[in-house]
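Structure first, commentary second.
The values are calculated or read from the model by the stated rules, or taken from the named source; none is laboratory data. As the structure is a computational prediction, the values presented were derived from the model and not from experiment. Cβ placement follows ideal geometry from the backbone for every residue including glycine, while neighbour counts extend to all protein chains displayed.
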Amino acid sequence: MNLDEALQTFIAESRELLEEMENALLNVDLAGDQSEAINAIFRAAHTIKGSAGLFSLDHIVAFTHVVESLLDKVRDGSVTLNDEMVVLLLSCCDYLTGMVNGLAAGRHEQDPDTAPEGEMLQQQLRRHMDGGAAPAIPAVPTLHAEPGVTRIGAERPGQMRSDYWHISLRFGRVVLQNGMDPIAFLRYLGKLGRIVGIATVPDALPPAEDMDAELCYLGFEIAFDSTADREAIAGVFEFVQDDCEIRIIPPHSKVSEYVNLIRALPEQAARLGEILVRCGSVTQQELDGALQQQSGQHEDAPAQQLGSILVGAGNVPPVVVEAALAKQKQVSEQKAQESRSIRVDSDKLDRLIDLVGELIIAGARANMIGQHIQNSELLECTSTLSGLVEDVRDAALELRMVKIGATFNRFQRVVHDVARELGKDIGLVVDGEDAELDKTVVEKIGDPLMHLVRNAMDHGIEPAELRLAAGKPARGMIKLNAFHESGSIVIEVSDDGGGLRKEKILAKAIERGLVDPERKLSDSEIYNLIFEAGFSTAEKITNLSGRGVGMDVVKRNIQALRGSVDVASREGQGTTVTVRLPLTLAIIDGFLVQVGASVFVIPLDMIEECIEYATEPGQDYTNLRGQVLPLVRLRALFRIAGAATRRESIVVLKFGNQRAGLVVDTLLGEFQTVIKPLSPMFSEVKCISGSTILGSGEVALILDVAALMHTVGGKGAVALAA
C-alpha cells in the first residue's frame with residue numbers, strides 16, 4: 001500500500017472512529033457500565049492521535065492530545081464527566097471531523113480560518129482539566145531486583161506463597177511516541193489498590209550513545225495489594241497492551257487462575273510452549289527440558305506431544321494445556337476470519353451493477369433469438385445462462401446492501417442538539433437498525449428523514465409544561481423504526497407529541513383552494529394535505545422546518561426514489577410518518593403485461609395474483625372472493641388507442657394495506673428488469689417510475705404502484721402531466 005492509499009484508509013477509519021466517539025458520548029448516560037463507555041471514547045481519540053502522528057499531521061495530533069488528556073483524567077476519576085463536558089467533547093468531534101474533511105480535500109496543514117475555534121476548544125478542555133487535581137503517585141517501597149532471580153514463572157502453579165498480585169510489565173519502545181506516559185499507568189493502578197513494592201527494570205537500556213530520547217526502555221516488577229479482579233487490573237493497561245509485555249500472576253494462584261490468564265492473553269499467534277511460558281504456567285527452563293526430551297525420542301517410538309510431556313513430568317496440570325490448545329485454535333480462527341474482509345470502493349460496485357444490468361439485457365436478447373429460431377441446444381444454453389445471471393445479479397446487489405442503522409445513528413446527535421436549541425427534553429428510540437437496503441437509497445434518504453425528525457421535534461413534541469398538564473411524561477420521545485414488507489423497506493418516524501389538528505388542516509386547505517368545500521375527505525387524505533407545496537398551519541416561522549414547511553420537498557425526494565410517504569395522527573397522542581422505499585434502485589424482478597402494442601413492467605413483489613377479467617365493461621370494481629377490489633384500467637389511464645381484447649386479465653396489486661386490480665390485455669410473464677431512469681423531460685409524468693430495455697431492444701415502462709393506488713376510489717384516471 002502506498003502513502004496515498006494509507007492516508008485514504010486513515011481518513012475513512014478516522015471518520016468511523018469519530019462517529020463511534022460521538023455515539024458513545026450521546027449514550028454515556030444510558031450505558032450500564034459508564035467506565036466502558038468512557039474507555040471507548042478515550043480509545044477512539046487515542047487511535048486517531050496515534051495514526052495522525054504516523055502521517056506527521058501535527059495539527060490533528062496536538063488537538064487530539066488535549067482531548068485525550070481530559071479523557072484520561074475522566075478515566076482515572078480525577079474529573080467527573082458532566083453534561084457541559086459532553087457538549088464540549090461533541091464540539092471537539094465536529095472540529096476533528098472538519099480537520100479530517102480538510103485532509104480529504106488535500107489540506108495537510110491547519111486551516112487558518114478554523115484555528116481560532118480550535119484554540120478556544122483547547123482552552124475549554126484545559127479549564128475542565130484544571131478543575132480536578134491529578135492524584136499523586138503513591139510512595140512505595142522499592143523492591144531490589146537481584147540479578148539472576150527469575151521474577152515470573154519460577155514458582156509452579158499452586159506453590160506461590162505471595163499474598164499479593166505480581167505484575168511484570170515491559171513497556172514497548174513506541175509508547176512514548178504514541179503519546180503514552182508510563183508513570184500515568186502506575187498512578188491509575190494505585191486507584192485499584194496499594195502498590196506494596198516496585199522495582200524499575202533497566203535491562204533494556206542501551207549504551208548512552210545509542211539511546212533515543214523518543215523510545216521507552218523501562219520495565220517494572222510490581223507487588224500489588226488489591227481486591228480487584230484480574231480483568232480490572234488488566235484494564236489499567238488496556239491502551240498499551242499491544243505495545244507491551246504484561247504478565248499478571250494472582251496471589252496464591254490456582255490452576256483456574258492460569259486457565260483464565262491463558263484465555264485473556266492478547267490475540268497473537270503462538271506455539272503451545274510459548275503460551276504456557278507467557279502465562280507463567282511453566283518456566284522457560286522447564287519448557288526447554290520438555291523440548292529436548294521430545295527431540296530426543298527414538299525414531300521408531302510413537303511421537304509424544306509436548307503437552308503430554310509437560311503433564312507427565314508434573315510441570316503443568318492437564319486443564320491448563322487444554323486451555324492453551326483452545327487459545328491456539330481461537331487465534332487461528334480469528335486470523336482466518338479477519339482475512340475474509342476487504343474494503344471496496346463504492347464506484348467499483350456501481351460499475352459492477354451496471355455491467356450486470358447490461359449482461360441481463362444481452363441474455364434476454366439471446367433467449368429471444370433462441371425462441372425465434374427454435375434451436376433446442378441454444379434454448380438450453382440460454383436457460384442455464386439466465387439462471388447464472390440471476391445468481392450473479394443477486395450476489396452483486398448483496399454487495400451494495402447496507403444496514404440502515406448507520407443512518408439512524410446520525411439522528412442521536414440531531415436530537416441532542418435540536419432539543420437543547422428548542423429548550424425541550426427529547427429522547428430518541430431506534431428500532432430495526434439491522435434492516436438492509438441499497439446503499440444508494442441509504443445515501444439519498446438521509447435528508448428527508450432529517451427533515452421529518454427535526455419537524456417532529458419542533459412542531460410535534462410539546463413543551464414540558466404542556467406535556468405534564470396533559471398527563472404525559474415531561475420527556476418527549478421520537479422513534480425511528482425500519483422493517484421489510486412486500487419487497488420494500490418501511491421507515492416510520494413517530495412522536496408522542498400533540499398530533500395533527502385535522503380541522504385546522506382542512507380549513508387551511510379550503511382557504512387556499514386546494515380542496516372543494518363540498519368534498520368529503522378521509523382522515524388520511526386530510527393529513528396528507530401537509531405535503532402540498534407551501535402548505536403550513538404553523539403559527540410562527542422558526543429556523544427549523546415546520547410541519548408542512550418544505551414537506552412537499554420531502555415527498556418529492558422520496559418519490560424520486562420510487563417511494564411513497566403517508567401520515568397517520570391522533571390529536572393529543574402523536575404522529576407517525578411512514579416512508580416506503582424499494583430495496584434497490586438498480587435491478588428488480590418484474591412482471592411484463594401488455595395493453596395494445598405497449599408493454600409495461602410491474603415490480604413482482606407488488607403482485608399478489610393474476611385472475612381473469614369477469615366484470616362488465618366500464619365497471620370500476622370487481623368481487624374478489626367476497627371482497628370489493630377497485631380496478632385501474634391501464635388502457636383508459638394512458639389513453640391507449642384500440643379496443644380491448646376479448647379476454648382481459650386482472651393483476652391484483654398490494655401496496656402496504658391497500659389492494660387494487662390492474663386491468664390489462666395480456667400477461668407476458670416474469671422478467672429480470674434493469675431499471676433505467678427517465679429523462680428529466682418526463683419528470684412530471686405520473687404512474688411511471690422508470691423504464692427498461694427488453695430483449696427485442698424495445699423500451700418498456702415500469703409502473704409506479706404507489707401512484708396507481710391513488711387513481712382508485714372513484715376518482716378515475718389522473719392527468720399524466722402537471
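Figures for the structure shown
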read-out: The stretch 165-177 residues that are farther than 17 Å from LYS49 by Cβ, paired with ones that are outside any loop (DSSP other than H, G, I, E, B) and of a type in the set (Gly, Ala, Ser) (beta carbon under 9 Å, 6 or more apart); value: TRP165/ALA223; HIS166/ALA223; ILE167/ALA223; SER168/GLY219; LEU169/GLY219; ARG170/GLY219; PHE171/GLY219
read-out: Subset of the stretch 617-665 (residues that are out of contact with any helix residue (DSSP H, G or I) (no Cβ under 7 Å at 6 or more places or on another chain), part of a strand (DSSP E or B) and among the charged types (D, E, K, R)); value: ARG633, ARG659
read-out: Subset tally (residues that are surrounded by fewer than 18 Cβ atoms within 10 Å (Cβ to Cβ) and over 16 Å from GLY695 (Cβ atoms)) for the stretch 353-373; value: 2
read-out: Subset of the stretch 397-434 that is closer than 21 Å to ILE491 by Cα and acidic (Asp, Glu) - its residue that is surrounded by the most Cβ atoms within 10 Å (Cβ to Cβ); value: GLU433
read-out: Near pairs, Cβ below 7 angstrom, 6+ apart or cross-chain, from the stretch 190-201 (outside the structural domain of LEU218 (by TED's automatic domain parsing) and assigned to a loop (DSSP other than H, G, I, E, B)) to any residue that is crowded, with 16+ Cβ neighbours inside 10 Å and of a type in the set (Lys, Arg); value: none
read-out: Hits in the stretch 486-509 (condition: surrounded by fewer than 13 Cβ atoms within 10 Å (Cβ to Cβ) and under 30 Å from ASP704 (Cα atoms)); value: none
read-out: Evaluation of SER536 against (1) modelled with pLDDT under 85; (2) not in a loop (DSSP other than H, G, I, E, B) (one fails), failing number; value: (2)
read-out: Qualifying residue in the stretch 705-714 (condition: at pLDDT 80 or above and more than 18 Å from LEU631 (Cβ to Cβ)); value: no
read-out: Every residue from the stretch 384-414 that is over 26 Å from the mean Cα position of the chain (by Cα) and of a type outside the set (Ser, Thr, Tyr); value: LEU385, GLY387, LEU388, VAL389, GLU390, ASP391
read-out: Subset of the stretch 435-475 that is in a loop (DSSP other than H, G, I, E, B) and of a type outside the set (D, E, K, R) - its residue that is nearest to the chain's Cα centre (by Cα); value: ALA435
read-out: Verdict on THR80 being in contact (Cβ under 8 Å) with a residue 12 or more places away in the chain, assigned to a loop (DSSP other than H, G, I, E, B) and β-branched (Val, Ile, Thr); value: yes
read-out: Some residue of the stretch 28-35 being surrounded by 14 or more Cβ atoms within 10 Å (Cβ to Cβ), modelled with pLDDT under 85 and not in a helix (DSSP H, G or I); value: yes
